[in-house]
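Novice: Before anything else, here's the structure in question.
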Amino acid sequence: MKRILLVFLLCIAPLAAAQNFENLWEDHFSYVSVKDISQGDDRIFVGTDNALFIYDLSTEQISTLSSVQGLAGEPITTIHYSSQTNLLLIGYQDGLIEVVTIDQQNEVLKVVDIRDKQNIPPNKKRINHFTEHDGKIYISAGFGVSVYDLERLEFRDSYFIGDFGSQINISQTTILAPYIYAASTQGGIRRAILNNDNIIDFQEWELVTPGEYTAVQTLGTRVLIANTANSVFRLNAGNTLQQIASFSSPIRDFKVNNGILTISTSSSIQAYDQGFILKAAVESLPDFNYTLQTGYSFDNTFYMGSALNGLLKVPYNTNQTTQILPDGPLLNTPFALDATPGQLWVSFGAVTVSFNPFPLDRKGISNLKEGTWTNISHDELTQTLGVSAVNDIVNISIDNQNPETVYFSSFLSGLLKVENQVPTVLYNETNSALENPVFGGNNAGIRLYGSDFDRNGNLWVLQSLTDDALLRLSTNGQFQSFDVSNISGGRDELAYSKLAISREGFVFFSPVQTGLAAFNPTTNQFRAIGAEDTGGGLPSTDIRALAFDAQNRLWIGTLRGLRVLFSPGTFFSNTADVSASAIIFADDEGVGQELLFEQTITDIEVDGSNNKWIATASSGVFYLSSNGQQTLLRFTSENSPLPSNNVQDIAIDPFTGEVFFATINGLVSYKGTSTAPRDTLEDVFVFPNPVRPQYQGNVTIDGLTAKANVKITDLEGNLVFQQTSQGGSITWDTTAFGKYKVASGVYFVLITTEDALETKIEKIMIIR
């Protein structure tokens, strides 16, 4: 019997003040892939890809911890909860360890000793396991064993215990007095006397048995070990091994808790008592096709950590399954985003930097609407559409005339149409003008990438490896293709990446070998510009981002920097200069510098204030003023909840100003204040109101029309602020023209539209 737990997410109390971003950020992580499980004080702690959740056994409620609350956002490898100290330890792929004080202030202490150690190669810093004993944590890592003092919160020694003091991968440790045992996939089972003052010397570590071992645990008075061949052994007197079990699938986890050994394979979970007598097992579940990564036994109940189904709770000797899973998207590998007021769509397909779609990404899509996620898996897409596969979904375009209709570009399978969250049709060579080209002697698949809607509701799409690379899907459902071979490589072009449409209706697109191209649908005219050495001004012909701003300027992001086409309306004029220009700014010493010089730019989005959000492949996110002369904000994984500095896409909710960032390690959003202009002043809203003494931020006036005039006066009519809106909102720092903070009292907000046909008056209470 299947039971889905209704999950209520609780807010964890703030972490260390300097690392708490909850006021401005929100995480949108997936919790489906469970990496490790720990337990204590009637709670189950669950580590997932790069965040974790806590399941309260008594209330069945769930709370989450992520980069927004101060965690690193990097891939988690193992966790351990210490009931003695009420500390949660989190180990990471890169060697970082975080110590979280649970229930108090949830402060996060970052232990960087292993991560920053110069004599350990990066590929050997992985934290594999924690063993707690006598107030200390013994850390199993890719290089050996380290010790951390839980009472003093201090990093102690590291032991390099391979032959001649070499670094070997230690997968797990256990303690059975007087010895500490270490299992290695490279150096067998080794042991040393725990209280030996010279234990740091590799010669004090005895080789118990050679081989490749993944786990070692103490069950009662016996040491049990598991090897890479999926066999379990008992270590007997004289250091002899006795095989006591063998499994047909890989052993993924090997844990002892309260005298119970839990063995998790990829397909099953078993619990054994101290005599290695089987107490209970789960070989399959009728409602879940799962793959296990970890498992845990507590109070006659299995907690199964799956790869795609979250945490599965199964009482001993039953099939009554409860899925424990916080709300979130399908995966933590978002590739493409698109947003309209109140909703966000996410896809997870991907291509390499050279636009290779292989190996295939058989992944679905996710939709965030009114705060709730709806996920459509790859299997659901296949079943609903009745086709074999929809792979490598790399771009999203929401219909600007009907936001419930969304088109997804696949770099292998065609064009997917979704209506009201239901997949309805896959356009391919059988039902449209799309082609299945031949590349390298084989069918290459229908490789679509960039797409965008024009003002008439037509969808323009780019297809690679064909002469007819530019296509238009009209509002009546008809396709029309256009031959672009005269200005690009045609069917030799590996990719046509991005597409954007100007105010004039010109379709700009990017053949990666050519540079920037454009099509005038009125005259059927094409034109293209290339790199700097050909007069086109581009630092690279490989364009990865195109965006028009409110002034109809085209912002161009390439693999090697940023350019702006200031007059795209004259692109087809034979006399106009149509080369792209760099943004030059003066540095602190007054020397001119090129903005984002040599940066790989992955996306550019324009907000309601005409400012630019720019994503990069290695340097995080830049928020630029409308002309690019000022960097208003810079977000990296070091100074923000961004889980990675490799940001693949950005989307903005035009009405709320919320900015979504798709990184290679997950999805987060920033609560921006720049919104799109409204048609009327009907929805003007001022917040916070009242402004209380403890509030240190700005007042936002939202719901404005374009170029609305906003004046703020005191009760006597004295003007303290005036500004014309660029988008749908402005902010006020509660000062009189930046000179001093205004006094307590009531202030009037006087709003007039650009044409002066509509006015609105609001009040703000300031309390100092």
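The values are calculated or read from the model by the stated rules, or taken from the named source; none is laboratory data. Everything numeric in this text was worked out from a predicted model, so none of it was measured. Glycine gets a Cβ as well: all are built from the backbone with ideal geometry, and neighbour counts include every protein chain shown.
Novice: Which pairs do you get when a residue that is under 10 Å from ASN698 (Cα atoms), found in the stretch 725-736, comes within reach of a residue that is part of a loop (DSSP other than H, G, I, E, B) and at pLDDT below 90, reach meaning Cβ atoms under 8 angstrom, with the pair 6+ apart or on two chains?
Specialist: So the pair list comes out as THR731/THR673; THR731/ASN698; TRP732/ASN698; ASP733/ASN698; THR734/ASN698.
Novice: Among the residues that make up the stretch 484-500, is at least one of them part of a strand (DSSP E or B), in contact with a strand residue (DSSP E or B) (Cβ under 7 Å, 6 or more places away or on another chain), without any contact (Cβ under 8 Å) to a residue 40 or more places away in the chain and among the small types (Gly, Ala, Ser)? Before the answer, list the steps.
Specialist: First pass over the stretch 484-500, keeping only residues part of a strand (DSSP E or B): 496-500.
After this cut, where a residue has to be in contact with a strand residue (DSSP E or B) (Cβ under 7 Å, 6 or more places away or on another chain) as well, the list is 496-500.
From what's left, without any contact (Cβ under 8 Å) to a residue 40 or more places away in the chain: none.
Within the stretch 484-500 (the criterion being part of a strand (DSSP E or B), in contact with a strand residue (DSSP E or B) (Cβ under 7 Å, 6 or more places away or on another chain), without any contact (Cβ under 8 Å) to a residue 40 or more places away in the chain and among the small types (Gly, Ala, Ser)), the answer is no, since none of the residues qualifies.
Novice: Could I ask something else about it? Just for strands (runs of 3 or more DSSP E) wholly inside the stretch 230-305: which have at least 2 residues that are within 33 Å of the chain's Cα centre (by Cα) and assigned by TED's automatic domain parsing to the domain that holds ARG191? Break it down into steps so the answer makes sense when it comes.
Specialist: Numbers: elements: 231-236, 240-246, 251-257, 260-265, 269-272, 278-282, 292-298.
Counting at least 2 such residues, we get 251-257, 260-265, 292-298.
Novice: What's the total number of residues in the stretch 223-256 that are closer than 30 Å to ARG43 by Cβ and either of a type in the set (Phe, Trp, Tyr) or surrounded by 16 or more Cβ atoms within 10 Å (Cβ to Cβ) (or both)? Reasoning before the result, please.
Specialist: Looking only at the stretch 223-256, we keep the residues that are closer than 30 Å to ARG43 by Cβ, and these are 223-226, 232, 247, 249-256.
Those still in the list that are either of a type in the set (Phe, Trp, Tyr) or surrounded by 16 or more Cβ atoms within 10 Å (Cβ to Cβ) (or both) too: 223-226, 232, 247, 251-256.
Total satisfying the criteria: 12.
Novice: Right, next: If I go through the stretch 581-627 residue by residue, how many of them are among the hydrophobic types (A, V, I, L, M, F, W, C), assigned to a loop (DSSP other than H, G, I, E, B) and under 32 Å from the mean Cα position of the chain (by Cα)?
Specialist: Going through the stretch 581-627, the residues among the hydrophobic types (A, V, I, L, M, F, W, C) turn out to be 582-586, 591, 595-597, 601, 604, 606, 613-615, 617, 621-622, 624.
Narrowing the set further to residues that are assigned to a loop (DSSP other than H, G, I, E, B) leaves 582-583, 591, 595-597, 617.
Then keep just the ones that are under 32 Å from the mean Cα position of the chain (by Cα); that gives 582-583, 595-597, 617.
Qualifying residue count for the region: 6.
Novice: Of the residues that make up the stretch 518-529, is at least one surrounded by 22 or more Cβ atoms within 10 Å (Cβ to Cβ) and under 30 Å from the mean Cα position of the chain (by Cα)?
Specialist: So far as the stretch 518-529 goes, no, none of its residues is surrounded by 22 or more Cβ atoms within 10 Å (Cβ to Cβ) and under 30 Å from the mean Cα position of the chain (by Cα).
Novice: A further question on this structure: Restricting the stretch 460-478 to residues that are in contact with a Lys or Arg (Cβ under 7 Å, 6 or more places away or on another chain) and not acidic (Asp, Glu), which is nearest to TYR407 (Cα to Cα)? Break it down into steps so the answer makes sense when it comes.
Specialist: Step one: list which residues in the stretch 460-478 are in contact with a Lys or Arg (Cβ under 7 Å, 6 or more places away or on another chain), which gives 460, 463-467.
Now restrict to residues that are not acidic (Asp, Glu): 460, 463-466.
On the way: TRP460: 11, GLN463: 14, SER464: 17, LEU465: 21, THR466: 21 Å.
Restricting to residues being in contact with a Lys or Arg (Cβ under 7 Å, 6 or more places away or on another chain) and not acidic (Asp, Glu), the top hit is TRP460.
Novice: Here are some residues: SER579, SER567, SER609, SER626. Which one is farther than 21 Å from VAL346 by Cα, surrounded by fewer than 20 Cβ atoms within 10 Å (Cβ to Cβ), in contact (Cβ under 8 Å) with a residue 60 or more places away in the chain and among the polar types (S, T, N, Q)?
Specialist: Just one listed residue meets the conditions, SER626.
Novice: Looking at ASP683, ASP755, which one is under 36 Å from the mean Cα position of the chain (by Cα), not hydroxyl-bearing (Ser, Thr, Tyr) and not in a strand (DSSP E or B)? Give the steps one after another, and end with the answer.
Specialist: On the way: ASP755 fails: under 36 Å from the mean Cα position of the chain (by Cα).
The unique qualifying residue is ASP683.
Novice: Give the residues of the stretch 472-503 that are within 19 Å of ALA336 (Cβ to Cβ) and over 31 Å from the mean Cα position of the chain (by Cα), sorted by residue number.
Specialist: Scanning the stretch 472-503 gives a single hit, LEU473.
Novice: So in the stretch 392-432, with the set limited to residues that are in contact (Cβ under 8 Å) with a residue 60 or more places away in the chain and in contact with a Pro (Cβ under 8 Å, 6 or more places away or on another chain), which one is nearest to SER464 (Cα to Cα)?
Specialist: PHE411
Novice: Out of THR218, THR185, THR209, I need the residue that is of a type in the set (Ser, Thr, Tyr), under 30 Å from ASN86 (Cβ atoms) and assigned by TED's automatic domain parsing to the domain that holds PHE233. Which one?
Specialist: Numbers: THR185 fails: under 30 Å from ASN86 (Cβ atoms); THR209 fails: under 30 Å from ASN86 (Cβ atoms).
Step by step, each of THR218, THR185, THR209 is checked, and only THR218 is of a type in the set (Ser, Thr, Tyr), under 30 Å from ASN86 (Cβ atoms) and assigned by TED's automatic domain parsing to the domain that holds PHE233.
Novice: So, in the stretch 19-56, how many residues would count as being modelled with pLDDT under 95 and of a type in the set (A, V, I, L, M)?
Specialist: Going through the stretch 19-56 one residue at a time, the tally reaches 1.
Novice: Residues in the stretch 266-312 that are buried (at least 20 other Cβ atoms within 10 Å of the Cβ) and over 21 Å from TYR81 (Cβ atoms): how many?
Specialist: 5
Novice: For the stretch 597-606, give me the residue count where each residue is surrounded by fewer than 24 Cβ atoms within 10 Å (Cβ to Cβ) and hydrophobic (A, V, I, L, M, F, W, C).
Specialist: Of the residues in the stretch 597-606, 2 are surrounded by fewer than 24 Cβ atoms within 10 Å (Cβ to Cβ) and hydrophobic (A, V, I, L, M, F, W, C).
Novice: Regarding SER573, is this residue loosely packed, with under 13 Cβ neighbours inside 10 Å, among the hydroxyl-bearing types (Ser, Thr, Tyr) and under 17 Å from ALA528 (Cβ atoms)? Explain how you work it out, then say what you get.
Specialist: Working: loosely packed, with under 13 Cβ neighbours inside 10 Å: yes; among the hydroxyl-bearing types (Ser, Thr, Tyr): yes; under 17 Å from ALA528 (Cβ atoms): yes.
Taking the combined requirement at face value, the residue satisfies it.
Novice: Okay, next question. May I ask you to list the residues in the stretch 275-306 that are at positive phi and among the hydrophobic types (A, V, I, L, M, F, W, C)?
Specialist: Initial filter on the stretch 275-306 (at positive phi): 276, 299-300.
Result: PHE276, single match.
Novice: Also, quick follow-up: Collect the residues in the stretch 697-723 that are touching an Asp or Glu at 6+ places or on another chain (Cβ under 8 Å) and closer than 15 Å to ASN610 by Cα, keeping them in residue-number order.
Specialist: Within the stretch 697-723, THR705, ALA706, LYS707, ALA708 meet the criteria.
Novice: Moving on. Is it the case that some residue within the stretch 518-527 is on the phi > 0 side of the Ramachandran plot and of a type in the set (S, T, N, Q)? First the steps, then the outcome.
Specialist: Taking the stretch 518-527 as the starting set, the residues that turn out to be on the phi > 0 side of the Ramachandran plot are 524.
Next, from what is left, pick out any that are of a type in the set (S, T, N, Q): 524.
Yes, that holds for at least one residue.
Novice: When only residues in the stretch 95-120 that are more than 26 Å from ASN257 (Cα to Cα) and polar (S, T, N, Q) count, which is surrounded by the fewest Cβ atoms within 10 Å (Cβ to Cβ)?
Specialist: Taking the candidates together, the pick is GLN118.
Novice: Now, a different point. Kindly state which strands (runs of 3 or more DSSP E) lie completely within the stretch 371-429 and contain at least 1 residues that are of a type in the set (Phe, Trp, Tyr).
Specialist: Details: elements: 372-376, 393-398, 405-412, 414-419, 422-427.
Output list reads 372-376, 405-412, 422-427.
Novice: Mind listing just one residue for me: the one in the stretch 20-34 that is surrounded by 23 or more Cβ atoms within 10 Å (Cβ to Cβ) and in contact with a Gly (Cβ under 6 Å, 6 or more places away or on another chain) and, of those, farthest from PRO643 (Cα to Cα)?
Specialist: VAL34
Novice: Just give me the residues in the stretch 542-577 being under 29 Å from SER618 (Cα atoms) and among the hydroxyl-bearing types (Ser, Thr, Tyr), in sequence order.
Specialist: THR558
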